[in-house]
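Note sheet for the following structure.
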Amino acid sequence: MTTQARAKIGFIQAGASGSDRGSPRHLQNLVPDDVQAEHVGMEFVMDFRIGSSYEANIPLIGKKEEYLRRAPELVKERGWQAVTVMGAPVELLNPGLLKDLQAILTVPVTTAASASSTALRAMGARRALVMTPWDDSVNSLLGSYLADTGVEAVFPSSMPFSSIAEALAMPPEDVFSFTKRAFEEAGNAQAIYFQAPLDYFPVLAKIEEELHTSVVASTTAPLWLMLSRLGLSYEIHGGGRLLHDWPSLPDA
């Protein structure tokens, strides 16, 4: 028997529609049975082998107008009731994108970074260890963004990779070791925020249990936020405490 969808939501990713980086398999597995989620790619091509994280993401610069054109088209064509622009660099390199989208869309819209910041605040975390595959050229932009939303970002003191491609190739157990070391160095971080697809998901439960903390991820936070804004709540297993405990939206 087919479950009737209570909501239809969309994720707009920067890369190709079929890319695991933009629409990770684990995210689709976490979507409730009565929710229909679709992933559409903008088809921008980034070279993650470039050493500088900023230079690797240069193809995203100046793309705000394309998102402002494409997002309303997709919402209308596909009947989305809420939409997320994935990929923090998209917003970081196109300042004002979220505000402009909110001005033209009649459905809830968020971004990876905005949803994650909102989730951190909902979980009571005002100081978070931020784990990314980037160097300071992009991390500094994200840190400033989070500070403007009321979240203090703490980044690892050193990175065990020299490019985004190397970071994304790290096995989950190496991601865990890296995260554990950084969390211990961070001191009093109240949560861990995974931005961009480091392969954390296979060790998510281990991170929360062994480090006695909560994980907010840029892949799962938009799911929580969009459904919350549609008046829905769930108790989803396997996606960390955010999706299991399903906190209420924080006050603006």
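Bear in mind that the values in this text are calculations on the coordinates, not laboratory data. Just so we're clear, the structure is a prediction, and the values are computed from it rather than from any experiment. Virtual Cβ from ideal backbone geometry, glycine too; neighbours counted across all protein chains shown.
Some notes on this structure:
- Legend: Rg and Dmax of the chain, from Cα coordinates, 17.0, 52 Å.
- Cα→Cβ-extended label distance, 7 Å offset, between K206 and L232, nm: 3.2
- With a simple spin-label model that places each label point 7 Å from the Cα along the Cα-to-Cβ direction, the separation between E166 and S137 comes to 1.4 nm.
- Segment L68-W246, length gained on full extension (0.36 nm per residue, minus Cα span): 61.1 nm
- Förster-model FRET efficiency, 30 Å R0, N29 and K76, C-beta, rounded to 0.05: 0.60
- The peptide list 87-95, 70-78, 137-145, put in order of mean Cβ contacts within 10 Å with the highest first, becomes 87-95, 137-145, 70-78.
- Taking label points 7 Å from Cα along the Cα-to-Cβ direction, A5 and F48 give a separation of 2.7 nm.
- Backbone HN-Hα couplings from phi across region 187-202 [Karplus 6.51/-1.76/1.60, Hz, Gly and Pro as x]: x, 10, 5, 9, 6, 10, 10, 8, 10, 6, x, 4, 7, 8, 4, x
- Calculated mean residue ellipticity, 222 nm, the chain: -11500 deg cm²/dmol, from DSSP H runs (n ≥ 4) at -39500 (n - 2.57) each, averaged per residue and rounded to 500.
- When you count the other C-beta atoms within 10 angstrom of each residue and take the mean per peptide, 99-105, 127-133 line up highest first as 127-133, 99-105.
- Computed lengthening from E55 to S177, 0.36 nm per intervening residue step minus Cα-Cα distance: 41.2 nm
- The tail of the calculated P(r) for region 116-217 beyond 15 Å holds 57 percent of all Cα-Cα pairs.
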